[in-house]
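Structure record follows, encoded as C-alpha coordinates.
The values are calculated or read from the model by the stated rules, or taken from the named source; none is laboratory data. These figures come from a predicted structure and were not determined experimentally. All Cβ positions, even for glycine, are placed from backbone atoms using ideal geometry, and neighbour counts span all protein chains on display.
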Amino acid sequence: MTEPGISVIGGGITGASVAYHLSKETDRPVTVYEQRDKLSMETTNKSGAFVGYWGHEPPGRLQMMDYSMRLYNRFLDDAQTNLSYHFSPRLQVATTDDGVANLRERFKQNLGATIEEEGITTGMRRSPVQYLPSNRLAGSFLLPELELGPVMGATYSGNLGHLWPARQAAQEFVLRARENGVSFETGREVTEIVTKGGRVSGLIVDGEEIETDEVICTAGPWNKNILRAVGIDLPLKHTLGPMLVLQPQKESPHSLFSLKHEETGYYMRQNPDGTVFLGNNPGSYESAGTEYDPGDVTNTVPEELRSEGLEVAKSLLPYLEGANVVDEWVGVRSLTPDTEPIIGWTSIQGLSVASFNASGIQLSPCAGKIIANQVVHDEPTAYYESVSVSRFEGYGDYR
(Lines give C-alpha, C1' and ligand atoms only; values in the text may rest on other atoms or scores of the structure.)
Protein backbone atom coordinates (compact mmCIF):
# COMPACT_ATOMS: atom_id res chain seq x y z
CA MET A 1 0.00 0.00 0.00
CA THR A 2 1.36 3.42 -0.98
CA GLU A 3 1.94 5.82 1.92
CA PRO A 4 -0.01 9.10 1.79
CA GLY A 5 2.06 12.04 0.69
CA ILE A 6 3.46 14.88 2.79
CA SER A 7 1.64 18.21 2.49
CA VAL A 8 3.14 21.67 2.99
CA ILE A 9 0.87 24.69 3.44
CA GLY A 10 2.40 27.89 2.05
CA GLY A 11 4.61 28.49 -0.96
CA GLY A 12 6.99 31.09 0.46
CA ILE A 13 10.65 30.53 1.23
CA THR A 14 9.91 28.43 4.32
CA GLY A 15 7.56 26.07 2.51
CA ALA A 16 10.03 25.79 -0.36
CA SER A 17 12.92 25.03 2.01
CA VAL A 18 10.89 22.43 3.89
CA ALA A 19 9.90 20.79 0.59
CA TYR A 20 13.50 20.80 -0.66
CA HIS A 21 14.85 19.21 2.52
CA LEU A 22 12.04 16.63 2.62
CA SER A 23 12.78 15.70 -0.98
CA LYS A 24 16.37 14.92 -0.01
CA GLU A 25 15.33 12.66 2.88
CA THR A 26 12.35 10.67 1.60
CA ASP A 27 10.84 9.17 -1.54
CA ARG A 28 7.31 9.93 -0.35
CA PRO A 29 5.49 12.43 -2.58
CA VAL A 30 5.68 16.01 -1.29
CA THR A 31 3.12 18.63 -2.34
CA VAL A 32 3.19 22.35 -1.55
CA TYR A 33 -0.14 24.20 -1.63
CA GLU A 34 -0.04 27.96 -2.26
CA GLN A 35 -3.21 30.06 -2.26
CA ARG A 36 -1.79 32.71 -4.59
CA ASP A 37 -1.36 32.18 -8.34
CA LYS A 38 2.40 32.64 -7.96
CA LEU A 39 4.83 31.33 -5.37
CA SER A 40 6.56 33.51 -2.78
CA MET A 41 4.53 36.66 -3.45
CA GLU A 42 3.43 37.37 0.12
CA THR A 43 5.71 37.53 3.20
CA THR A 44 8.84 36.45 1.31
CA ASN A 45 8.46 39.01 -1.45
CA LYS A 46 7.72 41.77 1.07
CA SER A 47 10.85 41.08 3.11
CA GLY A 48 14.01 43.14 3.35
CA ALA A 49 15.84 39.82 2.89
CA PHE A 50 18.66 40.67 5.30
CA VAL A 51 21.05 37.81 5.97
CA GLY A 52 23.96 37.99 8.38
CA TYR A 53 24.83 38.63 12.00
CA TRP A 54 23.38 41.53 13.98
CA GLY A 55 25.70 40.74 16.88
CA HIS A 56 23.17 39.80 19.56
CA GLU A 57 22.26 36.26 18.48
CA PRO A 58 21.78 33.71 21.28
CA PRO A 59 23.56 30.34 20.96
CA GLY A 60 20.59 28.54 19.39
CA ARG A 61 20.26 31.18 16.70
CA LEU A 62 23.98 30.97 15.95
CA GLN A 63 23.65 27.23 15.33
CA MET A 64 20.81 27.81 12.89
CA MET A 65 22.61 30.66 11.14
CA ASP A 66 25.70 28.51 10.65
CA TYR A 67 23.69 25.98 8.64
CA SER A 68 21.73 28.65 6.74
CA MET A 69 24.85 30.59 5.75
CA ARG A 70 26.60 27.45 4.51
CA LEU A 71 23.59 26.46 2.40
CA TYR A 72 23.18 29.96 0.94
CA ASN A 73 26.87 29.95 0.04
CA ARG A 74 26.36 26.72 -1.90
CA PHE A 75 23.28 28.07 -3.65
CA LEU A 76 24.92 31.40 -4.55
CA ASP A 77 27.96 29.58 -5.91
CA ASP A 78 25.68 27.76 -8.36
CA ALA A 79 22.59 29.97 -8.54
CA GLN A 80 19.77 28.72 -10.77
CA THR A 81 18.06 32.14 -10.68
CA ASN A 82 19.34 35.72 -10.77
CA LEU A 83 19.74 35.73 -6.98
CA SER A 84 22.65 37.81 -5.69
CA TYR A 85 24.02 38.90 -2.31
CA HIS A 86 25.03 42.45 -1.42
CA PHE A 87 26.93 43.58 1.65
CA SER A 88 25.04 46.28 3.54
CA PRO A 89 26.65 46.70 6.98
CA ARG A 90 24.31 48.39 9.44
CA LEU A 91 24.67 51.47 11.58
CA GLN A 92 21.95 51.71 14.20
CA VAL A 93 21.93 55.37 15.14
CA ALA A 94 20.42 57.21 18.09
CA THR A 95 19.50 60.89 18.02
CA THR A 96 18.35 61.44 21.63
CA ASP A 97 19.76 60.84 25.09
CA ASP A 98 17.22 58.09 25.71
CA GLY A 99 18.06 56.44 22.40
CA VAL A 100 21.77 56.44 23.23
CA ALA A 101 21.07 54.95 26.64
CA ASN A 102 19.02 52.16 25.03
CA LEU A 103 21.76 51.42 22.48
CA ARG A 104 24.46 51.29 25.13
CA GLU A 105 22.48 49.10 27.50
CA ARG A 106 21.48 46.64 24.79
CA PHE A 107 25.06 46.47 23.55
CA LYS A 108 26.38 45.71 27.02
CA GLN A 109 23.69 43.14 27.84
CA ASN A 110 23.84 41.28 24.54
CA LEU A 111 27.59 41.21 24.18
CA GLY A 112 28.82 41.30 27.75
CA ALA A 113 30.94 44.30 26.85
CA THR A 114 31.93 47.42 28.72
CA ILE A 115 31.95 50.81 27.10
CA GLU A 116 34.92 53.09 27.51
CA GLU A 117 33.88 56.71 27.26
CA GLU A 118 34.93 58.50 24.08
CA GLY A 119 36.20 55.26 22.58
CA ILE A 120 35.15 52.55 20.18
CA THR A 121 34.19 49.37 21.98
CA THR A 122 33.86 46.03 20.26
CA GLY A 123 31.85 43.08 21.51
CA MET A 124 32.52 39.64 20.06
CA ARG A 125 30.09 36.83 19.31
CA ARG A 126 30.12 35.33 15.80
CA SER A 127 31.23 38.67 14.34
CA PRO A 128 32.34 41.97 15.85
CA VAL A 129 29.85 44.69 16.72
CA GLN A 130 31.09 48.11 17.67
CA TYR A 131 29.64 50.86 19.80
CA LEU A 132 30.73 54.34 18.69
CA PRO A 133 30.02 57.68 20.33
CA SER A 134 29.14 60.45 17.92
CA ASN A 135 32.60 62.06 18.04
CA ARG A 136 34.19 58.90 16.63
CA LEU A 137 31.89 58.22 13.66
CA ALA A 138 33.52 60.57 11.16
CA GLY A 139 36.96 59.22 12.01
CA SER A 140 35.89 55.60 11.71
CA PHE A 141 33.95 55.32 8.43
CA LEU A 142 33.52 57.08 5.14
CA LEU A 143 29.96 58.35 5.44
CA PRO A 144 29.57 61.08 2.80
CA GLU A 145 25.77 60.86 2.60
CA LEU A 146 25.01 60.55 6.32
CA GLU A 147 24.08 63.73 8.20
CA LEU A 148 26.17 63.32 11.34
CA GLY A 149 24.78 66.36 13.18
CA PRO A 150 21.76 64.66 14.80
CA VAL A 151 23.58 61.39 15.58
CA MET A 152 24.59 61.02 19.24
CA GLY A 153 25.78 57.41 19.18
CA ALA A 154 25.65 54.26 17.06
CA THR A 155 26.29 50.54 16.94
CA TYR A 156 27.88 49.00 13.86
CA SER A 157 27.24 45.46 12.61
CA GLY A 158 29.64 44.67 9.79
CA ASN A 159 28.79 41.09 8.82
CA LEU A 160 25.41 41.82 7.27
CA GLY A 161 23.92 42.02 3.80
CA HIS A 162 20.82 41.27 1.80
CA LEU A 163 19.66 38.89 -0.90
CA TRP A 164 18.29 40.43 -4.09
CA PRO A 165 15.63 40.02 -5.39
CA ALA A 166 14.04 38.61 -2.24
CA ARG A 167 11.62 36.31 -4.06
CA GLN A 168 14.48 34.59 -5.88
CA ALA A 169 15.81 33.24 -2.59
CA ALA A 170 12.67 31.11 -2.41
CA GLN A 171 12.89 30.21 -6.09
CA GLU A 172 16.31 28.67 -5.51
CA PHE A 173 14.68 26.16 -3.18
CA VAL A 174 11.70 25.69 -5.51
CA LEU A 175 13.80 24.77 -8.54
CA ARG A 176 15.89 22.29 -6.60
CA ALA A 177 12.84 20.77 -4.94
CA ARG A 178 11.11 20.34 -8.30
CA GLU A 179 14.18 18.54 -9.63
CA ASN A 180 13.67 16.08 -6.76
CA GLY A 181 10.02 15.52 -7.64
CA VAL A 182 8.19 17.99 -5.37
CA SER A 183 4.86 19.27 -6.71
CA PHE A 184 3.97 22.95 -6.20
CA GLU A 185 0.27 23.66 -6.67
CA THR A 186 -0.58 27.37 -6.95
CA GLY A 187 -4.01 28.94 -6.69
CA ARG A 188 -4.92 26.18 -4.23
CA GLU A 189 -6.28 27.33 -0.87
CA VAL A 190 -6.15 25.06 2.15
CA THR A 191 -9.28 25.75 4.20
CA GLU A 192 -9.05 23.01 6.79
CA ILE A 193 -6.69 20.49 8.35
CA VAL A 194 -8.62 17.27 8.99
CA THR A 195 -7.77 15.32 12.13
CA LYS A 196 -8.96 12.01 13.55
CA GLY A 197 -8.07 10.66 16.98
CA GLY A 198 -5.47 13.34 17.67
CA ARG A 199 -3.56 13.00 14.42
CA VAL A 200 -3.69 14.46 10.91
CA SER A 201 -5.69 12.54 8.31
CA GLY A 202 -6.12 15.02 5.47
CA LEU A 203 -6.58 18.51 4.10
CA ILE A 204 -9.52 20.32 2.57
CA VAL A 205 -8.14 22.09 -0.50
CA ASP A 206 -10.62 24.14 -2.55
CA GLY A 207 -13.45 22.05 -1.13
CA GLU A 208 -11.79 18.69 -1.88
CA GLU A 209 -10.51 16.38 0.86
CA ILE A 210 -7.00 15.12 0.18
CA GLU A 211 -5.59 12.25 2.20
CA THR A 212 -2.34 12.98 4.00
CA ASP A 213 -0.86 12.02 7.35
CA GLU A 214 1.85 14.68 7.55
CA VAL A 215 1.19 18.42 7.28
CA ILE A 216 3.71 21.20 7.72
CA CYS A 217 2.20 24.65 8.20
CA THR A 218 4.53 27.30 6.76
CA ALA A 219 1.94 29.96 6.02
CA GLY A 220 3.65 32.90 7.74
CA PRO A 221 1.10 35.22 9.40
CA TRP A 222 -1.70 32.83 8.35
CA ASN A 223 -0.27 30.12 10.63
CA LYS A 224 -2.03 31.41 13.73
CA ASN A 225 -5.57 31.11 12.32
CA ILE A 226 -4.93 27.84 10.48
CA LEU A 227 -3.68 26.13 13.62
CA ARG A 228 -6.23 27.71 15.92
CA ALA A 229 -8.91 25.95 13.88
CA VAL A 230 -7.52 22.60 15.08
CA GLY A 231 -7.11 23.73 18.69
CA ILE A 232 -3.50 24.94 18.66
CA ASP A 233 -3.04 28.52 19.83
CA LEU A 234 0.53 29.54 19.07
CA PRO A 235 2.08 32.33 21.21
CA LEU A 236 2.35 34.67 18.23
CA LYS A 237 1.54 38.33 17.77
CA HIS A 238 1.50 40.39 14.59
CA THR A 239 2.82 43.76 13.59
CA LEU A 240 2.46 45.64 10.33
CA GLY A 241 5.60 46.31 8.30
CA PRO A 242 5.15 49.33 6.01
CA MET A 243 7.70 49.56 3.18
CA LEU A 244 8.46 52.35 0.72
CA VAL A 245 10.83 52.19 -2.25
CA LEU A 246 12.34 55.59 -2.98
CA GLN A 247 13.88 56.85 -6.21
CA PRO A 248 16.25 59.71 -5.34
CA GLN A 249 16.27 62.79 -7.55
CA LYS A 250 19.97 62.17 -7.96
CA GLU A 251 21.53 58.80 -7.18
CA SER A 252 24.37 58.70 -4.72
CA PRO A 253 27.74 57.79 -6.31
CA HIS A 254 28.66 56.07 -3.06
CA SER A 255 27.72 52.77 -1.50
CA LEU A 256 25.58 53.33 1.58
CA PHE A 257 25.44 51.57 4.88
CA SER A 258 22.14 50.15 5.97
CA LEU A 259 20.80 52.52 8.63
CA LYS A 260 18.31 52.03 11.42
CA HIS A 261 16.96 54.83 13.60
CA GLU A 262 16.79 53.66 17.21
CA GLU A 263 13.98 55.96 18.31
CA THR A 264 11.45 55.30 15.54
CA GLY A 265 12.39 51.88 14.13
CA TYR A 266 12.72 53.14 10.54
CA TYR A 267 15.50 51.61 8.50
CA MET A 268 17.02 52.40 5.11
CA ARG A 269 19.00 50.37 2.63
CA GLN A 270 20.39 51.07 -0.82
CA ASN A 271 19.20 48.55 -3.41
CA PRO A 272 21.38 47.35 -6.30
CA ASP A 273 19.23 49.34 -8.77
CA GLY A 274 19.92 52.65 -6.96
CA THR A 275 16.57 52.87 -5.21
CA VAL A 276 16.38 53.09 -1.43
CA PHE A 277 14.33 50.69 0.65
CA LEU A 278 12.64 52.42 3.60
CA GLY A 279 10.91 50.18 6.13
CA ASN A 280 9.78 50.17 9.71
CA ASN A 281 10.24 47.64 12.48
CA PRO A 282 7.67 48.84 14.99
CA GLY A 283 8.84 47.23 18.19
CA SER A 284 8.69 44.32 20.59
CA TYR A 285 6.31 41.45 21.27
CA GLU A 286 5.00 43.24 24.36
CA SER A 287 4.01 46.33 22.37
CA ALA A 288 2.61 44.43 19.38
CA GLY A 289 -1.05 44.00 18.53
CA THR A 290 -2.59 40.57 18.88
CA GLU A 291 -3.04 39.70 15.21
CA TYR A 292 -4.02 40.88 11.75
CA ASP A 293 -5.78 39.03 8.98
CA PRO A 294 -3.22 39.34 6.16
CA GLY A 295 -6.02 39.21 3.60
CA ASP A 296 -7.49 42.42 5.03
CA VAL A 297 -4.24 44.43 4.95
CA THR A 298 -3.92 46.81 2.01
CA ASN A 299 -0.62 47.58 0.29
CA THR A 300 -0.99 51.31 0.83
CA VAL A 301 1.23 52.68 3.59
CA PRO A 302 -0.82 54.86 5.99
CA GLU A 303 -0.17 58.56 5.48
CA GLU A 304 1.14 59.18 9.01
CA LEU A 305 3.73 56.39 8.66
CA ARG A 306 4.69 57.56 5.17
CA SER A 307 5.24 61.12 6.36
CA GLU A 308 7.17 60.13 9.47
CA GLY A 309 9.35 57.67 7.56
CA LEU A 310 10.23 60.18 4.86
CA GLU A 311 11.13 62.80 7.48
CA VAL A 312 13.42 60.37 9.31
CA ALA A 313 15.03 59.32 6.03
CA LYS A 314 15.70 62.92 4.93
CA SER A 315 17.07 63.92 8.33
CA LEU A 316 19.71 61.17 8.15
CA LEU A 317 20.28 61.05 4.38
CA PRO A 318 19.66 64.56 3.04
CA TYR A 319 20.13 63.45 -0.57
CA LEU A 320 16.72 61.76 -0.28
CA GLU A 321 15.02 65.17 -0.18
CA GLY A 322 12.43 65.15 -2.97
CA ALA A 323 12.80 61.40 -3.63
CA ASN A 324 9.81 59.82 -5.35
CA VAL A 325 7.95 56.87 -3.88
CA VAL A 326 8.00 54.34 -6.75
CA ASP A 327 6.62 51.33 -4.88
CA GLU A 328 5.04 50.53 -1.53
CA TRP A 329 3.52 47.65 0.37
CA VAL A 330 2.54 46.58 3.88
CA GLY A 331 3.64 43.22 5.21
CA VAL A 332 2.43 41.35 8.28
CA ARG A 333 5.19 40.18 10.62
CA SER A 334 4.89 37.40 13.16
CA LEU A 335 6.60 37.89 16.54
CA THR A 336 7.35 35.34 19.25
CA PRO A 337 7.76 36.12 22.99
CA ASP A 338 11.52 35.44 23.02
CA THR A 339 12.29 36.55 19.41
CA GLU A 340 13.26 32.97 18.48
CA PRO A 341 11.37 30.88 15.89
CA ILE A 342 8.80 28.17 16.58
CA ILE A 343 9.71 25.14 14.46
CA GLY A 344 8.66 21.51 14.54
CA TRP A 345 6.16 19.15 16.10
CA THR A 346 2.87 20.26 17.66
CA SER A 347 0.39 18.55 19.99
CA ILE A 348 -1.34 16.95 16.99
CA GLN A 349 0.54 13.97 15.60
CA GLY A 350 1.59 14.54 12.01
CA LEU A 351 1.24 18.35 12.23
CA SER A 352 4.34 20.56 12.28
CA VAL A 353 4.80 24.31 12.04
CA ALA A 354 7.44 26.90 11.18
CA SER A 355 6.89 30.48 12.39
CA PHE A 356 9.54 33.17 12.76
CA ASN A 357 10.19 36.43 14.53
CA ALA A 358 10.66 38.50 11.37
CA SER A 359 13.69 36.37 10.40
CA GLY A 360 12.27 33.85 7.94
CA ILE A 361 14.71 34.38 5.08
CA GLN A 362 17.66 34.09 7.46
CA LEU A 363 16.50 30.92 9.17
CA SER A 364 14.31 29.11 6.61
CA PRO A 365 17.19 26.98 5.31
CA CYS A 366 17.75 25.48 8.75
CA ALA A 367 14.02 25.26 9.45
CA GLY A 368 13.71 22.96 6.44
CA LYS A 369 16.47 20.75 7.80
CA ILE A 370 14.89 20.55 11.27
CA ILE A 371 11.43 19.63 10.01
CA ALA A 372 12.72 17.08 7.48
CA ASN A 373 14.66 15.29 10.21
CA GLN A 374 11.71 15.30 12.58
CA VAL A 375 9.15 14.16 10.00
CA VAL A 376 11.24 11.57 8.16
CA HIS A 377 13.61 10.30 10.84
CA ASP A 378 11.68 11.10 14.04
CA GLU A 379 14.79 12.96 15.19
CA PRO A 380 14.25 16.05 17.38
CA THR A 381 17.63 17.48 16.20
CA ALA A 382 20.10 19.48 18.27
CA TYR A 383 17.98 22.59 17.73
CA TYR A 384 14.89 21.24 19.52
CA GLU A 385 15.27 23.05 22.84
CA SER A 386 15.76 26.39 21.09
CA VAL A 387 12.92 26.20 18.57
CA SER A 388 10.19 23.89 19.89
CA VAL A 389 6.95 25.51 21.06
CA SER A 390 7.33 23.29 24.14
CA ARG A 391 9.75 25.87 25.59
CA PHE A 392 6.77 28.08 26.41
CA GLU A 393 4.59 27.55 29.47
CA GLY A 394 1.43 25.59 28.75
CA TYR A 395 2.84 23.53 25.87
CA GLY A 396 3.91 19.91 26.14
CA ASP A 397 7.13 18.20 25.15
CA TYR A 398 6.32 16.72 21.73
CA ARG A 399 9.37 14.48 21.23
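Can Lys46 be described as surrounded by 15 or more Cβ atoms within 10 Å (Cβ to Cβ), of a type outside the set (Val, Ile, Thr) and out of contact with any Asp or Glu (no Cβ under 9 Å at 6 or more places or on another chain)? Answer is yes for this residue. Restricted to strands (runs of 3 or more DSSP E) entirely inside the stretch 281-399, those with at least 1 residues that are at pLDDT 95 or above and of a type in the set (Gly, Ala, Ser) are 342-345, 351-355. The single condition among (1) closer than 30 Å to Ser390 by Cα; (2) of a type in the set (A, V, I, L, M); (3) surrounded by fewer than 21 Cβ atoms within 10 Å (Cβ to Cβ) that Leu305 does not meet is (1).
Could you say which residue among Gly153, Gly161 is under 20 Å from Arg269 (Cα atoms), surrounded by 20 or more Cβ atoms within 10 Å (Cβ to Cβ) and in contact with a strand residue (DSSP E or B) (Cβ under 6 Å, 6 or more places away or on another chain)? Every option except Gly153 fails the conditions. The one condition from (1) surrounded by fewer than 23 Cβ atoms within 10 Å (Cβ to Cβ); (2) within 19 Å of the chain's Cα centre (by Cα) that Gly10 does not meet is (1). Of the residues screened, Gly360 is not one that is more than 30 Å from Gln247 (Cα to Cα) and either more than 22 Å from the chain's Cα centre (by Cα) or not aliphatic (A, V, I, L, M) (or both).
When Ser47, Ser23 are checked against the criterion of being among the polar types (S, T, N, Q) and either farther than 25 Å from Val194 by Cβ or not assigned by TED's automatic domain parsing to the domain that holds Cys366 (or both), Ser47 stands alone in meeting it.
Can you pull out every residue in the stretch 357-385 that is touching a strand residue (DSSP E or B) at 6+ places or on another chain (Cβ under 6 Å) and closer than 26 Å to Ala288 by Cα? Listed by number, the residues that qualify are Asn357, Ala358, Gln362, Ala367.
Within the stretch 123-139, the set of residues being surrounded by 16 or more Cβ atoms within 10 Å (Cβ to Cβ) and either of a type in the set (S, T, N, Q) or modelled with pLDDT of 75 or more (or both) comprises Val129, Gln130, Tyr131, Leu132, Pro133, Ser134, Arg136, Leu137.
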